[in-house]
Each structure stands twice: as C-alpha cells, then as structure tokens.
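To start, the structure itself, in structure tokens.
The values are calculated or read from the model by the stated rules, or taken from the named source; none is laboratory data. What you are looking at is a predicted structure, and each value in this text was computed from that prediction instead of being measured. Positions of Cβ are generated from backbone atoms using ideal geometry, with glycine treated the same way; all protein chains shown enter the neighbour counts.
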Amino acid sequence: KQEVTQIPAALSVPEGENLVLNCSFTDSAIYNLQWFRQDPGKGLTSLLLIQSSQREQTSGRLNASLDKSSGRSTLYIAASQPGDSATYLCAGSNTGNQFYFGTGTSLTVIP
Amino acid sequence: NAGVTQTPKFQVLKTGQSMTLQCAQDMNHNSMYWYRQDPGMGLRLIYYSASEGTTDKGEVPNGYNVSRLNKREFSLRLESAAPSQTSVYFCASSEGFYTGELFFGEGSRLTVL
C-alpha cells in the first residue's frame with residue numbers, strides 16, 4: 001500500500017520568502033502526481049498536475065517537480081503572500097488517477 | 001461555472017440509518033471519484049468510476065455502495081450508517097482515468113451518532 005509523507009507538517013514564514021514543501025512516496029513508481037491547496041472547510045483546489053511522461057510543471061509562482069527514481073516531489077512557492085496561507089496536499093497514483101494523498105503541510109504566511 | 005456539485009453539504013444520521021450523497025459535474029468528464037477525509041489521515045479513495053457504466057472499489061469501500069447514474073452523476077450510498085463513517089466526503093472528477101487533473105467538490109460533512 002502506498003504511503004505518502006509530507007514534510008513539514010506545518011510551516012510559518014514571513015511574506016516574501018521563497019519556500020519548499022516536500023512529499024515522498026514509499027512506492028516510487030508514480031504514474032500521475034498532483035498538488036492541491038485546501039482552505040479551511042473547503043474542497044481541494046488543483047494547483048499543478050505532473051502527468052506520467054512529465055517531471056516538472058510550473059504555474060505562476062509555483063513550480064512542482066517529481067523525481068521518479070526516489071519517489072519524491074517538491075512544491076516551490078516563490079515570493080510567498082498572505083493569500084498563500086492554506087493546507088497544501090500532494091497526491092500520487094501508481095495507476096491512472098487512483099490517487100493516494102498525504103496529510104498536508106499547513107502554511108501560514110505572515111504579513 | 002459550477003464544476004463539481006455535492007449535496008447535501010451537511011447531514012446528521014443515527015446509527016443504522018441510510019442515506020445517499022449526490023454528486024454532479026458539468027465538465028463532461030468521463031471519470032468520477034468518491035473520497036473521505038478524516039483528521040490526521042490523507043484523503044482515501046472509496047470508489048471510482050473510470051467511465052460511464054463502470055465502477056470499481058478503492059482503498060476503503062466497505063460499508064458503501066455507488067451508482068454511476070449517467071455521465072454527469074455519481075452517487076454514494078451508506079446502507080446502514082456507523083459512527084466510523086463520520087467524515088467529510090468529497091466527490092471529484094477528471095477528464096479520463098489516465099488523463100487530466102482531479103477537480104473536487106466542496107465536500108459533504110456527515111456525522112453519525
């Protein structure tokens with residue numbers, strides 16, 4: 001069974017800092033990988049999808065990468081803003097879109 | 001632009017009661033999913049429907065049934081609710097089972113007393 005670990009569990013940074021969130025999988029044979037944000041009491045919002053043939057995706061200030069040899073992914077957030085405060089979840093699948101989720105990193109960006 | 005819509009948003013049940021959670025998507029997606037989210041645990045897949053007319057068990061299917069009513073709608077039924085099924089339930093959809101990102105609904109909070 002796939003286990004997903006996200007480090008750190010919580011992170012507090014001043015506005016403007018660049019930061020990295022980490023995600024690792026016990027089974028490194030990742031097919032698709034997706035990063036989400038979740039605001040309190042809300043659903044999940046998709047941030048970036050790395051599909052089977054890809055290793056990296058970028059959207060605005062966000063960059064996600066996947067190292068399939070180690071089963072590790074990172075989400076890089078540049079120039080953090082208070083609006084980035086949320087819980088960030090990574091999810092990976094070994095086949096199709098049957099995803100396994102981490103428990104998330106709770107990010108607080110202090111103005 | 002509704003995306004994925006779930007009903008109801010909140011529900012309280014007594015042990016042994018039954019209920020159905022409804023989910024509809026308006027993105028013409030082929031694949032739909034039901035997840036549950038519990039404190040301290042990642043989201044876990046209950047059932048999924050890779051395409052209209054098919055359903056398959058996910059990681060935690062016991063105590064649940066699903067119906068893919070048509071391409072838009074995918075329902076989750078609890079036949080005899082148990083306190084262990086107290087959770088937040090999320091429906092999601094994607095263009096295909098092997099392609100496309102997951103889009104989630106806002107969630108349905110279920111409490112079983």
Exercise. How many residues does segment A:72-97 contain that are of a type outside the set (A, V, I, L, M) and crowded, with 20+ Cβ neighbours inside 10 Å?
Worked result: 7
For this session: Filter segment B:55-82 down to the residues that are in a loop (DSSP other than H, G, I, E, B) and farther than 23 Å from residue A:1 by Cβ, then identify the one that is farthest from the other protein chains (Cβ to nearest Cβ).
Result: B:80
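Scanning for something assigned to a loop (DSSP other than H, G, I, E, B) and within 14 Å of chain B (Cβ to nearest Cβ), does segment A:53-69 turn up at least one residue?
Quick first cut of segment A:53-69, residues assigned to a loop (DSSP other than H, G, I, E, B) only: A:53-55, A:60-61, A:68-69.
If we keep only those that are within 14 Å of chain B (Cβ to nearest Cβ) too, we end up with A:53-54.
Yes, that holds for at least one residue.
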Exercise. Does at least one position in segment A:72-84 carry a residue that is in contact with a Lys or Arg (Cβ under 6 Å, 6 or more places away or on another chain) and under 20 Å from residue B:43 (Cα atoms)?
Worked result: no
For this session: State which residue pairs qualify: first residue within 22 Å of residue A:108 (Cα to Cα) and inside segment A:21-36, second residue aromatic (Phe, Trp, Tyr) in any location, beta carbons under 6 Å apart, and separation of 6 or more residues or different chains.
Result: A:21/A:88
Exercise. Condition test on residue A:76, is it within 14 Å of the chain's Cα centre (by Cα), within 14 Å of chain B (Cβ to nearest Cβ) and not small (Gly, Ala, Ser)?
Worked result: no
Seminar exercise, completed: Conditions (1) surrounded by 20 or more Cβ atoms within 10 Å (Cβ to Cβ); (2) among the aliphatic types (A, V, I, L, M); (3) within 9 Å of chain A (Cβ to nearest Cβ) -> residue B:41 fails only (1)
Exercise. What pairs can you find where one residue is in segment B:84-104 and in contact (Cβ under 8 Å) with a residue 40 or more places away in the chain, the other is surrounded by fewer than 21 Cβ atoms within 10 Å (Cβ to Cβ) and among the acidic types (Asp, Glu), and their Cβ atoms are less than 6 Å apart, with a gap of 6+ or different chains?
Worked result: B:87/B:38
For this session: Answer yes if at least one residue in segment B:27-36 is more than 10 Å from chain A (Cβ to nearest Cβ), at pLDDT 95 or above and surrounded by fewer than 16 Cβ atoms within 10 Å (Cβ to Cβ), and no otherwise.
Result: yes
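Report, by residue number, each residue of segment A:87-111 that is of a type in the set (A, V, I, L, M, F, W, C) and away from chain B (no Cβ under 14 Å). Full working, then the answer.
Here is the first cut: in segment A:87-111, the residues of a type in the set (A, V, I, L, M, F, W, C) are A:89-91, A:99, A:101, A:107, A:109-110.
Matches in segment A:87-111: A:107, A:109, A:110.
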Exercise. Looking at (1) under 28 Å from residue A:8 (Cα atoms); (2) surrounded by fewer than 17 Cβ atoms within 10 Å (Cβ to Cβ), which is the one condition that is false for residue B:99?
Worked result: (1)
Problem set entry | Qualifying residue in segment B:64-78 (condition: touching a residue at least 60 places away in the same chain (Cβ under 8 Å) and either touching a Leu at 6+ places or on another chain (Cβ under 6 Å) or of a type in the set (Lys, Arg) (or both)) | no
For this session: With respect to residue A:4, determine if the residue is closer than 14 Å to residue A:86 by Cα, surrounded by 13 or more Cβ atoms within 10 Å (Cβ to Cβ) and either out of contact with any Leu (no Cβ under 6 Å at 6 or more places or on another chain) or β-branched (Val, Ile, Thr) (or both).
Result: no
Exercise. Any chance segment B:23-33 includes a residue that's under 20 Å from residue A:37 (Cα atoms) and assigned to a loop (DSSP other than H, G, I, E, B)?
Worked result: no
